[in-house]
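Have a look at the structure below, then the notes.
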Amino acid sequence: MSSELKLNPYAVLGAEADETGNYCILIAPKINEGLQILGVTESERPDLYRLLAELSGVGLDLLDIENDLDNDARELLTRSGVLVTAENVPEKPLFSCPLDGIEIGAANGINAANAAQVNPTFRFEPFDLSSFRALIADKHFSPYLPTAWIKSAGTRLDLGYWLTTEQASAVSQLRAGGPVPADIDPDLRAKLAAAEIIIEADSYSEKEKNAAGRIEEAKKLFLQDKYATLRNVIPAPHIRSMQAFYRAYTAQGFMPFGDSVVKRRFRQANEPLARFFHRSLTPLMSKLVGAEIKPSYCYAASYREGADLRPHVDREACEYSFSLQVDYEPEPADGISPWPLWLSTRILYENVENGHSLEWSDCPPDDKTERSILLGNGDCLAYRGRALAHYRYELPQGHRSTSLFFHYVPLDFDDVII
């Protein structure tokens, strides 16, 4: 069997030491099971430990599966995803939102023929080999194609569109705020208008004005009630691309499964794609708060059937938060997730420890102080997680739900942020 095994290309090895002795840590994605973490101690497995300690200095790639490992060690490393068969090698997904995925037609009430101006926030990023590794590691972005970027109306969210080589040749000639070339291909013009890379100036100005009005209304509710719902914060093309990414990311095993808070969810703190949107949404949260704030940390979570979230209040690093609904399966007919997030509008955090979980009986769903929040994919709930207890009841059988949580703190917050 050992001849059929190969090293998982995403397996990572590190050596550590603490008061109990020396140990090595192996981390590897395992398809459909999540990110696996294996600790090998010197006291429990001296032979394997010595081998891994040696490899930690030269690289796991030098592992000789046939000759370095006995049967027990091979079985252990296979269970932990470090060794895999050829058909079970994980594939790491990368995010992209192709311009070709845009539906052609009248976009947001704008006729493509009337879109005569390039969006003032437009920027073009060519394929750049020097940024190849950074795009993958720091953002989970696909680095293989050039991209066109704009900031969305009102929210100022950074939105990127991945271009074919032919599209990039034309798009690279556009200049922010300048005129759209008259000879641009009609099919490309329609896609650029739908993506709002090119705009009809008056209509776009009206859209920005309306978006600003909705944000101002949300701000009033947020300051008054400590929560507010914002619809369609992430446009449909990007949500579809995020859904494809996170479905593949969890299926290929790149997120750990289960934790002390929720046993039946894949989760990862500061996952790179989530972190990109986290930072990009900082101006929107600042508008809601009415003051400058900064990101603390973010969390990607994909819940499986049977998952629940105990009533709790958040710790200090979560003074202001967004809960972004990314995906729900099976897809609801009306586009709204049927799995509510409950908020308790009582001020509970004064009576519990920071980040403390409450009893279910503390937050009865029929109490007048409880609020049931239902979000569609792309919607955000802005909330004060330290002032409002929040929770979810059990996710129904056969259902899945994916959300991103973005947390922010005042500028003078100086505690350690994960």
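The values are calculated or read from the model by the stated rules, or taken from the named source; none is laboratory data. Note that this is a predicted model, so its numbers are computed, not measured. Reconstructed Cβ throughout: ideal geometry from the backbone, glycine too, with neighbour counts over all protein chains shown. To get the accessible areas, we keep the full protein, side chains included, count just its heavy atoms, and leave off ligands, DNA and RNA. Shrake-Rupley method; radii C 1.70, N 1.55, O 1.52, S 1.80 Å.
Details
- Neighbours by Cβ (under 6 Å, 6+ apart or cross-chain): first from the range 277-288, in a helix (DSSP H, G or I); second modelled with pLDDT of 95 or more and among the aromatic types (Phe, Trp, Tyr): 278/406; 285/320; 285/408; 288/222
Yes or no, residue by residue, for (1) without any contact (Cβ under 8 Å) to a residue 24 or more places away in the chain; (2) open to solvent by 50 Å² or more (accessible area, probe 1.4 Å):
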| residue | (1), (2) |
| --- | --- |
| 206 | yes, yes |
| 213 | yes, no |
| 217 | yes, yes |
| 223 | no, yes |
| 234 | no, no |
| 237 | no, no |
| 243 | no, no |
| 248 | no, no |
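- Screening 196, 217, 208 for residues that are of a type outside the set (S, T, N, Q), modelled with pLDDT of 95 or more, in a loop (DSSP other than H, G, I, E, B) and within 29 Å of the chain's Cα centre (by Cα) leaves exactly one candidate, 196.
- Which listed residue is among the hydrophobic types (A, V, I, L, M, F, W, C) and modelled with pLDDT of 95 or more, from 163, 129: 163
- Check on residue 176, modelled with pLDDT of 95 or more, of a type in the set (A, V, I, L, M), surrounded by fewer than 20 Cβ atoms within 10 Å (Cβ to Cβ) and part of a loop (DSSP other than H, G, I, E, B): yes
- Meeting the requirement of 1 or more residues that are at pLDDT 95 or above and β-branched (Val, Ile, Thr), the strands (runs of 3 or more DSSP E) wholly within the range 318-418 are 320-329, 370-373, 400-410.
- Listed by position, the helices (runs of 4 or more DSSP H) contained in the range 1-94 that have at least 3 residues being within 36 Å of the chain's Cα centre (by Cα) and surrounded by fewer than 19 Cβ atoms within 10 Å (Cβ to Cβ) are 46-58, 71-79.
- Of all residues in the range 113-127, exactly one satisfies the criterion of being of a type in the set (Val, Ile, Thr) and open to solvent by less than 10 Å² (accessible area, probe 1.4 Å), namely 118.
- Boolean, residue 130 is surrounded by fewer than 19 Cβ atoms within 10 Å (Cβ to Cβ), over 30 Å from residue 257 (Cβ atoms) and hydroxyl-bearing (Ser, Thr, Tyr): yes
- Among (1) under 19 Å from residue 29 (Cβ atoms); (2) open to solvent by 40 Å² or more (accessible area, probe 1.4 Å); (3) touching a residue at least 12 places away in the same chain (Cβ under 8 Å), the one test that residue 144 misses: (1)
- For the range 264-287, a residue qualifies if it is open to solvent by 40 Å² or more (accessible area, probe 1.4 Å) and over 15 Å from residue 402 (Cα atoms), and the qualifying residues are 275, 279, 283, 287.
- For the range 305-316, residues that are modelled with pLDDT of 95 or more and surrounded by 19 or more Cβ atoms within 10 Å (Cβ to Cβ) total 1.
- Any hit, the range 390-405, residues being within 22 Å of the chain's Cα centre (by Cα) and free of Cβ contacts under 8 Å to residues at least 40 places away in the same chain: no
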